[in-house]
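K.L.:
Have a look at this one before I ask anything.
The values are calculated or read from the model by the stated rules, or taken from the named source; none is laboratory data. Worth saying up front: this structure is predicted, and the values here are computed from it rather than measured. Neighbour counts are summed over all protein chains in view; Cβ atoms, including those assigned to glycine, are modelled from backbone coordinates with ideal geometry. These accessible areas exclude ligands, DNA and RNA; they are computed on the full protein's heavy atoms, side chains included. Shrake-Rupley method; radii C 1.70, N 1.55, O 1.52, S 1.80 Å.
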Amino acid sequence: MKKKVLAVLLASAMVASLVGCGGGNNEAPAQTAETETTDDAEAEAPADTEAEAPADTEEEAITATITVWGPSEDQSADAGNWLPTMCEQFAAQHPNWDLTFEYGVCAEGDAKATVTQDVEGAADVYMLANDNIPDLVAANGIAELGGSYLEAVTSANADSIVASVTYNDSVWAFPFTSNTWFMYYDKSVFTEDDIKSLDTMLEKGKVSFPLSNSWYIQAFYVANGGTIFGDGTDEAAGINFGGESGAAATDYLVDLVANANFINDQDGAGIAGLRDGSINAIFSGTWDAASVQEALGDNMGVAALPTANIGGAAGQLKSFMGSKAIGVNPNCENMEVAMALAAYLASEEAQLAHYELRNVLPSNVNISLADDAIATAVTKVMTDTSIMQPVVTAMGNYWSPAENMGKALVAGEITHDNAAEKTEEMNTAMNTDVAQ
């Protein structure tokens, strides 16, 4: 049966969020293209939303239209049309299924805002940032994985990646890449010994750090003993950025902002500075790799995070580590097809294509990238210089107080005289329930 692939793009794309927590436009994408109809009846969705892989038997005939949402970059001809290409390959592998695909643009970080607006009208399969999961579960917007699908996730990913898509002791999505940040630096300015310490780097060159971004500032508080929901899963433990250790971290940041070699990275300042030579190191993720390579050429260095001398002792800076994943809407009409497609989009084959087309680092442990400097740095981050970005509902209380602290530091409103007081105010706010 001939496969029909209908590339239906939406009229407006949602703006991708900079940080893993997501945000941006809350309007759901509107379908704009014509719909193909068929004579065959669509398969009914199973009542149980915990999806298991079908038995290894010949598939029954199914005619279905599947709506798939992903970021615009994955649907761009300039980047190899990864998402449509993978869907076409999936269709070819299922000769008894007559499939039409409709595509929508939705950034991973915006999944919870978009899907939860209208879960029944949302995509059957969509890409998401892992910290979206609690809200999606609460809205019945994501299906739990079971059976062989669960086994596929746990067997092909590191424990930290599996933990990133686990909530309430259940796994909810198929991870396809890690989501974290690390350091890019100019090798003509800093040696491999220099980059072990942020303080040493600040003595030798200009360093840009996104201090006013709440996805980054936590690194300094965690470096001095701060904790976020215990191991990241204990919601009752709360956030502990207060006390003497928290105040010492804030004191360090007061001095950091006052350092002439420090530049707060916002509105693209870091990349721009690498280009003109006014900045020698930045902290970012894989999404900036091409821009950094263009700016630094052969002098591009990539590394995990350095230490910082906080309170008289070297503390290891640690970034948030999460994942990006594929989720399935439990309200879809063709659960069998949707679940199989989601699994395929996160498969080893699809992850390898994602890497080759867009340099998206695979999470699948069977794909070796030993010669890739960025992959090596990310592996180091995951192992030694990161903490899991908590997948708990109360994490929503963290973002605004952390951002406000960073902005106040950059503005010079936080001083050594009020550092302890302002740190306690931040910590109290982080542990106060706010509307999600």
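K.L.:
Give me the number: length gained by fully extending Ser368 to Glu349, i.e. 0.36 nm times residue separation minus the C-alpha to C-alpha distance, one decimal in nm.
P.N.:
On the way: separation 19, 0.36 × 19 = 6.84 nm, distance 1.29 nm.
Going from the current span to full extension adds 5.5 nm.
K.L.:
Taking the Cα centre of the chain as origin, sum charge times position over the Cβ atoms of Lys and Arg (+1) and Asp and Glu (-1), and report the length of that vector in debye to the nearest 20.
P.N.:
Details: 15 positive and 64 negative charges, 305 e Å.
Its charge dipole is roughly 1460 debye.
K.L.:
Another question, if that's okay. On the accessible surface of the chain, probed at 1.4 Å, how many percent belong to carbon and sulfur atoms?
P.N.:
That fraction is 45 percent.
K.L.:
While we're on this one: Determine ³J(HN,Hα), in whole Hz, for all residues of the range 201-208 in sequence, where each value follows from phi through the Karplus function 6.51 cos²θ - 1.76 cosθ + 1.60 and θ = phi - 60°; x replaces Gly and Pro.
P.N.:
Whole-Hz 3J(HN,Hα) from phi for the range 201-208: 4, 5, 7, 10, x, 8, 10, 10.
K.L.:
May I ask for the net charge around Asn366, where only other residues with Cβ less than 12 Å from the Cβ of Asn366 are counted and Lys, Arg are +1 while Asp, Glu are -1? Present the calculation step by step, with values, prior to reporting the outcome.
P.N.:
Working: positive: none; negative: Glu348, Glu349.
Taking every Cβ under 12 Å from that of Asn366, the sum is -2.
K.L.:
If you don't mind, there's one more thing I want to ask. Taking all protein chains together and a probe of 1.4 Å, list Asp98, Asp169 from the most accessible to the least accessible.
P.N.:
Asp169, Asp98
K.L.:
Now a separate question. Tell me, what is the FRET efficiency for Glu244 and Asp433 to the nearest 0.05, using R0 = 25 angstrom and their Cβ-Cβ distance as r?
P.N.:
Result of the calculation: an efficiency of 0.45.
K.L.:
How large is the accessible surface of His416 in square angstrom, using a 1.4 angstrom probe and rounding to the nearest 10?
P.N.:
Number for this one is 100 Å².
K.L.:
In square angstrom, rounded to the nearest 10, how much accessible surface does Glu60 have for a 1.4 Å probe?
P.N.:
In the full protein context, Glu60 sits at about 150 Å².
K.L.:
Over 30 Å between Cα atoms: which of Lys112/Lys422; Lys196/Lys407; Lys318/Lys422 fall into that group? Don't skip to the answer; put the middle values down first.
P.N.:
On the way: Lys112/Lys422 32 Å; Lys196/Lys407 26 Å; Lys318/Lys422 22 Å.
Long pairs (Cα-Cα over 30 Å): Lys112/Lys422.
K.L.:
Separate question: Using Cα-Cα distances under 8 Å and only pairs 6 or more residues apart, what relative contact order does the chain have, in percent? Show your work: numbers first, answer last.
P.N.:
On the way: 898 pairs, mean separation 96.1, N = 436.
Reported relative contact order: 22 percent.
K.L.:
Show me, bin by bin at 10 Å from 0, the whole-percent P(r) of the chain based on Cα pairs.
P.N.:
Reading upward from the zero bin: 4, 21, 30, 24, 13, 5, 1, 0.
K.L.:
Contour minus end-to-end for Glu294 and Asp118, with contour as 0.36 nm per residue of separation and end-to-end as the Cα-Cα distance? Mind dumping the intermediate values first?
P.N.:
Numbers: separation 176, 0.36 × 176 = 63.36 nm, distance 4.13 nm.
Roughly 59.2 nm would be gained on extension.
K.L.:
Provide Val365, Val125, Val189 ordered by accessible surface of protein heavy atoms (probe 1.4 Å), highest first. All intermediate terms of the calculation are to be shown ahead of the outcome.
P.N.:
Details: Val365 85, Val125 0, Val189 40 Å².
Largest to smallest exposure gives the sequence Val365, Val189, Val125.
K.L.:
If I model a spin label at Ser76 and Ala411 as a point 7 Å from the Cα along the Cα→Cβ vector, what separation in nanometres do I get?
P.N.:
Between Ser76 and Ala411, the simple spin-label model gives 3.4 nm.
K.L.:
I'd like to check one number: the per residue accessible area of the chain, probe 1.4 Å, reported in Å² as a whole number. Provide the component values of the computation, followed by the final result.
P.N.:
On the way: 18170 Å² over 436 residues.
Per residue, the chain has an accessible area of 42 Å².
K.L.:
So how much accessible area does Ser160 have, in Å² to the nearest 10, using a 1.4 Å probe?
P.N.:
The accessible area comes out at roughly 40 Å².
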